[in-house]
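Following: one structure in structure tokens, then a few remarks.
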Amino acid sequence: MSDDFVIGGELIQRRSRRLVELPLPPLYTHTPMTLPVHVVRGAKEGPRLFVSAALHGDELNGTEIIRRLLKQPALRLLRGTLVAVPIVNVYGLIHHSRYLPDRRDLNRSFPGSVKGSLAARLAHLFMTEIVHKCTHGIDLHTGAIHRSNLPQIRANLDDPETARLAESFGVPVLLNANLRDGSLREAAAEQGIPMLLYEAGEALRFNEVAIRAGVKGVISVMRNLEMLPASRSRRKARPEPFVARSSTWVRASASGLFRRVCSLGSRVKRGAVLGLIDDPFGGGESEVTAAASGIVIGCSEIPLVHEGEALFHIARFEDIREVAGQIESFQLEHAPEEMLETIGQDEPPIV
Ligand SMILES: [Zn+2]
């Protein structure tokens, strides 16, 4: 890889910081559209890391994570290049929508093509202008609308370098996720670029724990890559994260009003009641039970459900008691002051 960093036809010098606007197809209102990209180059050559958010246009925690990341004073000491794209799906974001105006999912449209759909064209631009110029990547996501995710890293942990970066992110839960067709992660992996996907919180909401953990996580990965100097504070070493061997969804056994009796991060036993679904017109009550023992890493936030809808995502671990303990200390570490009163007073519920 040459020493020069050219993006959108602009040469970005070492020891400089630029906002580059990559041209995109305009809106049909004649409104011009661009993909804004922050490029921060250190004095010395080093890894080139891209950090992207809002590939799904309604997933906003990552956009805030990047905003805070770019304000870090430590970036003055950067080695290598940080390429930050706070809003990839600029079209979706305008409409608070996960998708593009052509109703395609950008994260199923990679690597894209010049002559393809709007989604394919945006994916192609992202590949040629960002991914091909970088050595590593982190893509920031949240749960879908009305669904919350416990902060977690999904990555191909069979690749040793990806696994090392995933562990350095500092969240307690890692999912060895199979690559999905058409995702940015798959397309980057095909280019030999180690990539992490951070999932935390829910769509269209800020979640302070998810944001703080995300900012810290990206910085930890940058330290691991020696893009930033090691932390001077001698905090005790972070415990090793737990890798889920597999995960499973618990679906609604009936349609109706849904009440949860467990929360994100709860340790659950197979067969335990996780929630109840009531018929609002006086029919019976159905129990939603855990299909496997594990930790609740995703859950529905809306009390209206149809039979068959996914309500809980449970990750299986060897030792769920230990995982639950680590999740609680993680939440305490990242919680803002005003939240501390509500966290950690009790053991995570065992249901
Ligand atoms: Zn997403």
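Where a number appears in this text, it was derived from the coordinates with a stated rule and is not lab data. Just so you know, these numbers come straight off a predicted model, no measurement behind them. Here the Cβ is made from the backbone with ideal geometry for all residues, glycine too, and neighbour counts use every protein chain on show.
Annotations for the structure displayed:
- For peptides 93-103, 61-71, sequence by mean Cβ density within 10 Å, most packed first: 61-71, 93-103
- Computed over neighbours whose Cβ is under 12 Å from that of LEU276, the net charge equals -2, Lys and Arg +1, Asp and Glu -1.
- Counted charge near SER255, where neighbours are those whose Cβ lies closer than 11 Å (Asp, Glu -1; Lys, Arg +1): -4
- Where only DSSP H runs of four or more residues are counted, the chain gives -6500 deg cm²/dmol as its mean residue ellipticity at 222 nm, each run worth -39500 (n - 2.57).
- Between the stretch 233-292 and the stretch 64-91, the alpha-carbon centres lie 34 Å apart.
- Label-to-label distance, GLU318 versus LYS115, with points set 7 angstrom from Cα along the beta-carbon direction: 5.3 nm.
- Estimated distance in nm for a label pair at SER16 and HIS95, the labels positioned 7 Å out from Cα along Cα-to-Cβ: 3.8
- Shown for MET33, MET127, MET195, MET227: other C-beta atoms within 10 Å of each C-beta, ranked fewest to most, produce the order MET33, MET127, MET227, MET195.
- Gyration tensor (alpha-carbon) shape descriptor, the stretch 1-94, a/c threshold 1.5: oblate
- Prolate/oblate/rounded label for the stretch 83-169 (Cα gyration tensor, a/c 1.5): oblate
- Between HIS30 and ARG67, the modelled label-to-label distance comes to 3.2 nm, taking each label 7 Å out from Cα in the direction of the beta carbon.
- Amide H contacts for ALA272 (H built 1.01 Å from N in the peptide plane; partners 5 or more residues away or on another chain; cut-off under 5 Å): ALA290.
- For the pair ASP102 and GLU190, the difference between a 0.36 nm per residue extended length and the Cα-Cα distance amounts to 29.1 nm.
- Computing FRET efficiency as 1/(1 + (r/R0)^6) for SER253 and ARG232, where r is the C-beta to C-beta distance and R0 is 41 Å, gives about 0.20.
- For the chain, complete DSSP H runs whose alpha carbons reach 20 Å or more along their own long axis and whose mean Kyte-Doolittle score is 0.5 or higher are 208-224.
- Relative protection proxy for 6-17, 134-145, from highest mean packing down: 134-145, 6-17 (other beta-carbon atoms within 10 angstrom).
- Summed side-chain charge close to VAL288 - residues other than VAL288 whose Cβ falls under 12 Å, Lys, Arg +1, Asp, Glu -1: -2
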